[in-house]
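First up is the structure itself, then whatever we jot down about it.
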Amino acid sequence: MRQKNYKLKNEAMAFNKKGEERISMGYIPDLRRLQVVDGLYNNPWREPEFVDIQIRPNINFIINIARKAGGRVLELGCGMGYLSLEMARYGLHVDAVDISPKSIEIPKTYLKENPYVDGFGSLNYIIADITSMDMSEDKYNSKISYGTLHHIPELEPTIGRIRKALKSRGNLILYEPLVDNFTKKSAEFAAILRVVLPTWESYEKKLIYNREAWEHYVQEIYNEYRYIDQHGDNIQSPLDNINPSEERMIQSIKRYLKIEQIDYCNAFIDKIVGGLRGPNRIILAKFLKFLDDELIRRNILPPGSVRIWAIKEN
């Protein structure tokens, strides 16, 4: 228990720091008021158009299902609150939970500034550990995890508690990374793109002409995607990717809920689009999104993320 509390404390501190850093760069955690954040050198949140291309499909997947169900929603690990805010704008009644006090303090500020009030439901921010908080029974129409369940050591018991708190036919809707799926082949493909596309690095600096240097570069890309080392924007929290593969996640969900839909995405795109520079960066980003989806569909590269919709049966 002491070890768990220590990790959770460090987890909260990591997200406190990340939240403060991004806000200091000019990041606005509001999907309708995003702006360019130059300090994010290789992150899709750098530009609103990158968010629309790479991240919006995952957000829309969640919001469309939650809107259809209506009623009460609990977002587990809301971070800086942009998804919870957007769901409330569609008339949903949202409880947004996070273990990080700063991740709750920041979105409260932007909630007060929200100019989109027509049809607004409600939004309540809560500081809590989702593995032990009281979720109440048969309370929610939908529960959302946007990149949260892969942080949870006690995954199966947490899914069981999620089921208990869902109403009959209630939804669990999630988007999660699958770090273990990223292979050396994926890294080589990402390395090629990183080198040949116009990015934050000059061609004089990044072009490579010998085998040893290339192999080293591919290994660096592999480490970056799998978070073996820490890289700039990608410094991680202590419990990040404690559930790095889909097998455990899907099996835990199947034990308690009926899976309705599984979609895969992000073979290589995650750390490519945000690094694009130059006048053609937006059309290149759109092409890369198409290419990423095609390589997954044709089983050429494995997916790096999964979207899952599951329901509570009677």
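The values are calculated or read from the model by the stated rules, or taken from the named source; none is laboratory data. Since the model is a prediction, treat every value here as computed from it, not as a measurement. Cβ sites come from the backbone with ideal geometry, for glycine too, and all protein chains shown count toward neighbours.
Report whether or not residue 199 is over 19 Å from the mean Cα position of the chain (by Cα), surrounded by fewer than 24 Cβ atoms within 10 Å (Cβ to Cβ) and in contact (Cβ under 8 Å) with a residue 40 or more places away in the chain. Outline the logic, then answer.
Values: over 19 Å from the mean Cα position of the chain (by Cα): yes; surrounded by fewer than 24 Cβ atoms within 10 Å (Cβ to Cβ): yes; in contact (Cβ under 8 Å) with a residue 40 or more places away in the chain: yes.
For residue 199, the condition - over 19 Å from the mean Cα position of the chain (by Cα), surrounded by fewer than 24 Cβ atoms within 10 Å (Cβ to Cβ) and in contact (Cβ under 8 Å) with a residue 40 or more places away in the chain - is met.
Scanning for something under 30 Å from residue 296 (Cβ atoms), under 20 Å from the mean Cα position of the chain (by Cα), touching a residue at least 60 places away in the same chain (Cβ under 8 Å) and assigned to a helix (DSSP H, G or I), does the stretch 166-174 turn up at least one residue?
No, the stretch 166-174 contains no residue that is under 30 Å from residue 296 (Cβ atoms), under 20 Å from the mean Cα position of the chain (by Cα), touching a residue at least 60 places away in the same chain (Cβ under 8 Å) and assigned to a helix (DSSP H, G or I).
Which of (1) at pLDDT 95 or above; (2) surrounded by fewer than 16 Cβ atoms within 10 Å (Cβ to Cβ) does residue 217 not meet, given it meets every other one?
The single condition residue 217 does not satisfy is (2).
So that you can scan it fast, the table gives a plain yes or no per residue for (1) without any contact (Cβ under 8 Å) to a residue 12 or more places away in the chain; (2) surrounded by fewer than 17 Cβ atoms within 10 Å (Cβ to Cβ); (3) closer than 17 Å to residue 195 by Cβ:
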site: 261; (1), (2), (3): no, yes, no
site: 271; (1), (2), (3): no, no, yes
site: 274; (1), (2), (3): no, no, yes
site: 278; (1), (2), (3): no, yes, yes
site: 284; (1), (2), (3): no, no, yes
site: 297; (1), (2), (3): yes, yes, no
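Look through 123, 166, 174 and report the one residue that is modelled with pLDDT of 95 or more, closer than 21 Å to residue 28 by Cα and either hydroxyl-bearing (Ser, Thr, Tyr) or touching a strand residue (DSSP E or B) at 6+ places or on another chain (Cβ under 8 Å) (or both).
Criteria check complete, one pass: 123.
Pairs needed: first member in the stretch 26-40, closer than 15 Å to residue 111 by Cα and at pLDDT 95 or above; second member anywhere, of a type in the set (S, T, N, Q) and surrounded by 15 or more Cβ atoms within 10 Å (Cβ to Cβ); C-beta distance under 8 Å; at least 6 residues apart or different chains.
Taking only residues 6 or more apart or on different chains, the pairs are 30/114.
Among (1) in a loop (DSSP other than H, G, I, E, B); (2) hydrophobic (A, V, I, L, M, F, W, C); (3) touching a helix residue (DSSP H, G or I) at 6+ places or on another chain (Cβ under 6 Å), there is one condition residue 36 misses while meeting the rest; what is its number?
Result: residue 36 passes all but (3).
Please list, ordered by residue number, the helices (runs of 4 or more DSSP H) wholly in the stretch 58-165 having 3 or more residues that are on the phi < 0 side of the Ramachandran plot, within 19 Å of the chain's Cα centre (by Cα) and not hydrophobic (A, V, I, L, M, F, W, C).
Details: elements: 82-89, 101-112, 155-165.
Result: 82-89, 101-112.
Quick one: count up the residues across the stretch 39-51 that are in a loop (DSSP other than H, G, I, E, B), touching a helix residue (DSSP H, G or I) at 6+ places or on another chain (Cβ under 7 Å) and surrounded by 19 or more Cβ atoms within 10 Å (Cβ to Cβ).
3
Among the residues of the stretch 182-194, are any at pLDDT below 95 and β-branched (Val, Ile, Thr)?
No, the stretch 182-194 contains no residue that is at pLDDT below 95 and β-branched (Val, Ile, Thr).
Restricting attention to the stretch 57-68, which residues are more than 15 Å from residue 288 (Cα to Cα) and either surrounded by fewer than 19 Cβ atoms within 10 Å (Cβ to Cβ) or in contact (Cβ under 8 Å) with a residue 40 or more places away in the chain (or both)?
Passing the criteria: 58, 59, 60, 61, 62, 64, 65, 66, 67, 68.
Would you please name the residue that is surrounded by the most Cβ atoms within 10 Å (Cβ to Cβ), looking only at residues in the stretch 70-101 that are touching a residue at least 60 places away in the same chain (Cβ under 8 Å) and among the β-branched types (Val, Ile, Thr)?
Per the stated criteria, the residue is 73.
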